[in-house]
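S.K.: Dropping the structure in here first, questions after.
Read-outs: derived from the displayed coordinates by stated rules, not from any lab. This one's a predicted model, so the numbers in the text were calculated from it and none came from an experiment. Here Cβ is always computed from backbone atoms with ideal geometry, including for glycine, and neighbour counts include all displayed protein chains.
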There are 2 protein chains.
Amino acid sequence: MLRSGNVFAGVRPDREAEAFATLAERPGAVVERIVSTGQASPAGFWYDQDWTEWVVVLAGEARLAIAGEAALRTLRPGDWLELPEHVRHRVEWTLADPPTVWLAVHWKGGRAEPA
Amino acid sequence: MLRSGNVFAGVRPDREAEAFATLAERPGAVVERIVSTGQASPAGFWYDQDWTEWVVVLAGEARLAIAGEAALRTLRPGDWLELPEHVRHRVEWTLADPPTVWLAVHWKGGRAEPA
């Protein structure tokens, strides 16, 4: 039985927390869905990752801050961004309704036999 | 300068060939955009890959045949499918207008410094 699904399944605007789900993982990379409903990174928090991440927004809207960039980046449906390792970034704002649906590919970890 | 773009950029229904573009690559995995405008796999041709592929349709519609499955699988926007290595498959049909936009993650290859 092949694993399958829909990236918009179960997306609701009334969740209190961001929802993270692993859609696929194999050694070398993990594909994750993130549903944001208005959340932002905590004040003063910056992601500083040891791996490259590629993100695309499929619904909703998000504003990202990148360390060293004066302006925020706005991501609307279809917009993608590559975040090389140690490019510090934070989520300043996300649209709650409709929820903001992201796909992220993380070049890290991954198991040979996903659950 | 971070690499960025939009997965729907330059999508047109009048292209004669499928269009493949590498959006991100790092050792271990490659993220690719595919735009299909009515193409299907050649008659009798089956993909038989040495690596796992994860695909999602973001626009349009596609019908896939999986070896050993009686029914075709229809993928509509948001539908994703994991294709483990050596699961033979072929594209039976794609919607041309609007074009069918896929993202594919291939767990293979990848360069440290993408062009």
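S.K.: Between A:Leu2 and A:Ala19, what is the label-to-label distance in nm when each label sits 7 Å out along the Cα-to-Cβ direction?
M.R.: 2.4 nm
S.K.: In debye to the nearest 20, how big a dipole does chain B give about its Cα centre with +1 on each Lys and Arg Cβ and -1 on each Asp and Glu Cβ?
M.R.: It comes to approximately 200 debye.
S.K.: State, to one decimal in nm and shortest first, how far the label point of A:Asn6 sits from each corresponding label point in the other identical copies (label point: 7 angstrom along Cα-to-Cβ).
M.R.: 2.5
S.K.: If amide hydrogens are placed 1.01 Å from N in the peptide plane, which non-local residues have theirs closer than 5 Å to the one on A:Gln49?
M.R.: Amide H to amide H, under 5 Å and 5 or more residues apart or across chains, A:Gln49 pairs with A:His86, A:Val87.
S.K.: Determine ³J(HN,Hα), in whole Hz, for all residues of the stretch B:17-22 in sequence, where each value follows from phi through the Karplus function 6.51 cos²θ - 1.76 cosθ + 1.60 and θ = phi - 60°; x replaces Gly and Pro.
M.R.: 10, 4, 10, 10, 9, 7
S.K.: Let me ask something additional. Shortest first and in nm with one decimal, please list how far the A:Ala17 label point sits from its counterparts in the other copies (point 7 Å along Cα→Cβ).
M.R.: Here the equivalent label points are 4.9 nm apart from this one.
S.K.: Rank the residues B:Arg12, B:Arg33 as a footprinting-exposure proxy: fewest other Cβ atoms within 10 Å of their Cβ go first.
M.R.: With the fewest neighbours first, B:Arg12, B:Arg33 line up as B:Arg12, B:Arg33.
S.K.: Continuing with the same structure: Put a label point 7 Å from Cα along the Cβ direction on A:Gly38, then list its distances to the equivalent points in the other copies in nm, shortest first.
M.R.: Relative to the other copies, A:Gly38 has label-point distances of 4.7 nm.
S.K.: I've got another one for you. Find, among the residues of chain B, the one whose Cβ sits nearest the axis of the rotation taking B to A; state the distance in whole Å.
M.R.: Here the nearest residue and distance are B:Gly28, 1.
S.K.: Under 5 Å between amide H atoms, partner at least 5 residues away or on a different chain: which partners does A:Leu23 have, H built in plane at 1.01 Å?
M.R.: HN-HN under 5 Å from A:Leu23: A:Val31, A:Glu32, A:Arg33.
S.K.: Ranked highest first by average number of other Cβ atoms within 10 Å, how do B:43-49, B:15-21, B:89-95 line up?
M.R.: In descending order of packing, they fall as B:89-95, B:15-21, B:43-49.
S.K.: I'd like the Karplus ³J(HN,Hα) series for the stretch B:80-97: coefficients 6.51, -1.76, 1.60, θ = phi - 60°, whole numbers in Hz, and an x wherever there's a Gly or Pro.
M.R.: Using θ = phi - 60°, the values come out as 10, 8, 9, 10, x, 3, 6, 7, 6, 8, 8, 8, 7, 6, 9, 6, 8, 9 Hz.
S.K.: Please state the shape class of the stretch A:19-107: rounded when a/c is under 1.5, otherwise prolate if a/b exceeds b/c and oblate if not, all from the C-alpha gyration tensor.
M.R.: Cα axes put the stretch A:19-107 in the oblate bin.
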